[in-house]
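As structure tokens, the structure follows; a few thoughts come after it.
The values are calculated or read from the model by the stated rules, or taken from the named source; none is laboratory data. Not measured: the values here are computed from a predicted model. Heads up, the Cβs are rebuilt from the backbone with ideal geometry, glycines too, and the neighbour counts pull from every protein chain shown. Remember, those area values only see protein heavy atoms, side chains included, never the ligands or the DNA or RNA. Shrake-Rupley method; radii C 1.70, N 1.55, O 1.52, S 1.80 Å.
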2 protein chains.
Amino acid sequence: MKLATYKDGSRDGQLVVVSRDLATAHYATGIAERLQQALDDWNFISPQLQDLYDTLNHGKARHAFPFDPARCMAPLPRAYQWADGSAYINHVELVRAARKSEVPPTFYTDPLMYQGGSDDFLGPCDDVVVPSEDFGIDFEAEITVVTGDVRMGATPDEALEGVRLMMLANDVSLRNLIPDELAKGFGFFQSKPATAFSPVAVTLDELGEAWQGGRVHLTLQSTWNGRRVGLCDAGPEMTFHFGQLIAHICKTRNVRAGSIVGSGTVSNKSVEVNGKPEWPKGYSCIAEKRAIETILDGKPSTEFMKYGDTIRIEMKGQNGESLFGAIEQEIVPLAS
Amino acid sequence: MKLATYKDGSRDGQLVVVSRDLATAHYATGIAERLQQALDDWNFISPQLQDLYDTLNHGKARHAFPFDPARCMAPLPRAYQWADGSAYINHVELVRAARKSEVPPTFYTDPLMYQGGSDDFLGPCDDVVVPSEDFGIDFEAEITVVTGDVRMGATPDEALEGVRLMMLANDVSLRNLIPDELAKGFGFFQSKPATAFSPVAVTLDELGEAWQGGRVHLTLQSTWNGRRVGLCDAGPEMTFHFGQLIAHICKTRNVRAGSIVGSGTVSNKSVEVNGKPEWPKGYSCIAEKRAIETILDGKPSTEFMKYGDTIRIEMKGQNGESLFGAIEQEIVPLAS
């Protein structure tokens, strides 16, 4: 099923069930008001939501209305956890190659992950507010999952059983703040402002055979200022699957219902054409494009985003249908 | 006023109002079920809680019962944000001196801060579950505040206006996991398991004149296995006050109601006795004691915590009364 959260002026919005084709929606009133409530009591509430979803898909829901992504908050407008991995090691390899540093061998066995802020997420069509263009504004197109409860010490297989929903994310990054921040040794903080999520969160059965081995075998599309810049394959090159990412968190703590876990920038290896590397699938963040330019030309030529720039992130299913709806955002300055 | 959350089998527990002397409590039923709810609508709900608090303190609350810290969850059993600073630069100086590295000049003007997990906090008397003693188990005695909404771009003074409540915390740290984790460059993650909080959260008026300039001018006590090891002055040596810590978060994002912001380990400078440094106020984490030993003797001699060890963290007011109640925890292994 597909779930979204409609803006209603409250902090948590109103849970709605959305039809498979994203054409219609229905308030989940009477079943659950908020998505977190459904996640807190999933085994009891999700079958009721599923019933409403089936009725909606059959065109028989009595109070259905046209679904409008612009009225959506993030499916979880705020969450108790947002832990973002860097599961596509190709991305790390490119960024490191550009600054001529090796990838440590442990990076292939031990996931990179940072804890993100989760008190103020953006809806799929909300503006990205950044105080200065000098911060080096970048998008990052990612896949994320929402978990149920997963116990401390869980294996990757057990952790995978804890996945409840999947969403797309734009993990906005402020690249020019990162070097100083990482030099301090405590990881990302100011360089990672509010993250945006897709209009709907979907259960894994919506992915059909594209969900295999804890990975999504589909293509993530990124369109920057109307130009398609990424058609990245999210499947086979994901070094760590979602069960491994969740188990990484569980090494020293419990993961509780409603935690969001991200894949990091989706990234694909180059192919060799006439003895030279090319990246025909494009990129899911500008930093990677700049790393490629640096490797090829000695310096980056693509600039980061400016005010007025737009980004669209979407994933199509095997029949070409939009699975999650599109993230469509504009970069704007902070109102004074 | 003083607020706590009683265990009731649910994820968020039941909000209770606690008397100033921590002797009695009263359910806030009819006003607010949960602390987050009060924070979400503070201007409307807090005066009602204050009325109940006044009635309780006058011994006139009709359904008052004896207050029992062992029945408490963390005041916020789960939160949308836990951002922990390292505001006592003396702590950083000691740790760096022990490994013969300089403190970068920017550390005196730009706060260190990491994003912590906030989906699964511990109550004040809950066991600290750690899968292995080899992880280097340490306590960290800290002061924390809970905020209301603070806008992106807020000044330190504005940010200070956003402080709603104060709590103590035990920011449990797994020291032997830290070097590898920091070497990866993404900051703390597995080295920071679930954090514990004091039985009650208090409004700033409870601190009286001890609350000045965004700092608490009182002594934080740490008692390890029954031995008083820290009597640290939380006031004048706090390099960055809470307004500055919150404003640090606000540089690139909004801070939303219910965010918890921590001071980091409370730490005091040495005094010179017969030409040698001494630390008569003790320490608020074992890592600092080991840093001092390394500076004085070339190597640490105090070991980290073992299973069965206990830690008690408390702060007394100017009249010797316990302000927040005590954090009292035992270290235990993960049940297999």
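Panel note: contact residues of segment A:117-134 (accessible area lowered by at least 40 Å² against the chain on its own; 1.4 Å probe) correspond to A:ASP119, A:ASP120. Shown for segment A:213-259: residues covered by the partner protein chains by 20 Å² or more of accessible area relative to the chain by itself (probe radius 1.4 Å), namely A:HIS248, A:LYS251, A:THR252, A:ARG253, A:ASN254, A:ARG256. The angle between the Cα long axis of helix A:42-57 and the longest principal axis of the Cα atoms of chain A comes to about 80 degrees, rounded to the nearest 10.
Largest first, the three principal axis extents of the alpha carbons in the protein assembly as shown are 75, 60, 54 Å in whole numbers.
Buried between B and A is an accessible area of approximately 5000 Å², summed over both sides with a 1.4 Å probe.
Take every Cα pair under 8 Å whose residues are at least 6 apart in sequence, average their separation, divide by the length of segment A:10-165, and the relative contact order is 20 percent.
Taking label points 7 Å from Cα along the Cα-to-Cβ direction, B:THR310 and A:GLN48 give a separation of 4.5 nm. Using Cβ point charges alone (K and R +1, D and E -1), the dipole size of chain B about the Cα centre works out to roughly 160 debye.
Between this copy and the others, label points of A:GLN318 are 7.2 nm apart in ascending order, each placed 7 angstrom from Cα in the Cβ direction. Cβ-Cβ distance of B:ALA183 and B:GLU303, R₀ of 25 Å, FRET efficiency by 1/(1 + (r/R0)^6): the value works out to about 0.60. Close Lys pairs in chain A (alpha-carbon distance under 23 Å; sequence gap of 8 or more, or different chains): 22. For the Cα trace of chain B, dividing Rg by the Kirkwood Rh returns an Rg/Rh value of 0.96.
Evaluated with a Cβ-only charge set (Lys, Arg +1; Asp, Glu -1), segment B:60-173 carries a dipole of roughly 420 debye about its Cα centre, given to the nearest 20.
With angles folded into 0 to 90 degrees, how steeply does helix A:89-98 sit against the dominant principal axis of chain A? Use alpha carbons for both and round to 10. Helix A:89-98 sits roughly 30 degrees off the main axis of chain A. Based on DSSP H segments of at least four residues, each scored -39500 (n - 2.57), chain B has a per-residue ellipticity at 222 nm of -5500 deg cm²/dmol. Taking the Cα centre of segment A:1-123 as origin and charging only Cβ (+1 Lys, Arg; -1 Asp, Glu), how large is the dipole, in debye to the nearest 20? In total the dipole reaches around 340 debye. Remark: relative contact order (chain B) = 22 percent; criterion is Cα-Cα distance under 8 angstrom and separation of 6 or more residues. Once the Cα atoms are used to define both axes, helix B:286-297 deviates from the longest principal axis of chain B by about 20 degrees. Residues whose amide H comes within less than 5 Å of that of A:LEU165, counting only those at least five positions distant or on another chain, are A:VAL146 (H built at 1.01 Å from N in the peptide plane). In this structure chain B gives 38 Å² per residue of accessible area when probed at 1.4 Å with all protein chains present. Restriction of the GluC sites (Glu not before Pro) in segment B:99-183 to DSSP coil positions whose beta-carbon has at most 10 other beta-carbons within 10 angstrom yields B:GLU102.
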